[in-house]
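Single-structure report; data block below.
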Amino acid sequence: MFEMFLDTLISTMRDVLPIAAVLIGFQLFVLRQKVPHAWRVARGFLYVLVGLAFFLMGLQEAIFPLGELMASQLTNPEFVYKDLFAQGITSIPTVHWQDYMWVYAFAFSIGLATTLAEPSLIAVGMKAEQVSGGAVSA
């Protein structure tokens with residue numbers, strides 16, 4: 001598990017370091033100002049890297065396998081044509097897009113839930129800004 005975390009952390013660093021280099025380069029060479037509170041910025045950057053690595057590792061270990069399992073179950077011919085298999089018919093007929101209505105219904109429900117949750121997330125961000133006195137922006 002620790003080796004997987006290190007691999008994920010190195011991959012995250014490889015992805016994020018060019019962005020940090022552009023931001024620091026812009027600060028130093030375009031704005032010609034040193035980075036205020038450089039140690040705090042570096043520590044925050046380190047926290048972001050570790051947090052992203054844990055997040056990505058959680059996705060790889062929990063969410064992605066669950067999604068693959070659900071996709072394979074929803075598209076399994078035994079699930080799609082369960083009525084035919086229940087009747088003893090073993091040959092699968094010509095596949096039509098309408099045969100996968102469960103997949104479309106599931107995708108619609110995920111999209112709908114995401115759309116309905118978005119205003120709540122905005123409200124949480126606004127409340128965080130209010131509670132922090134403006135230190136954290138919405």
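Read-outs: derived from the displayed coordinates by stated rules, not from any lab. Just so it is clear, the model here is predicted, and its values are computed rather than measured. Neighbour counts are summed over all protein chains in view; Cβ atoms, including those assigned to glycine, are modelled from backbone coordinates with ideal geometry.
Points worth noting:
- Per-peptide packing, taken as the mean over residues of other Cβ atoms within 10 Å, places 51-58, 108-115 in the sequence 51-58, 108-115 from highest down.
- Axial C-alpha extent at least 27 Å, average Kyte-Doolittle at least 0.5 - helices from the chain (DSSP): 2-25, 38-58, 101-131
- Using only side-chain charges placed at the Cβ, +1 for Lys and Arg and -1 for Asp and Glu, the dipole size of the chain relative to its Cα centre rounds to 900 debye.
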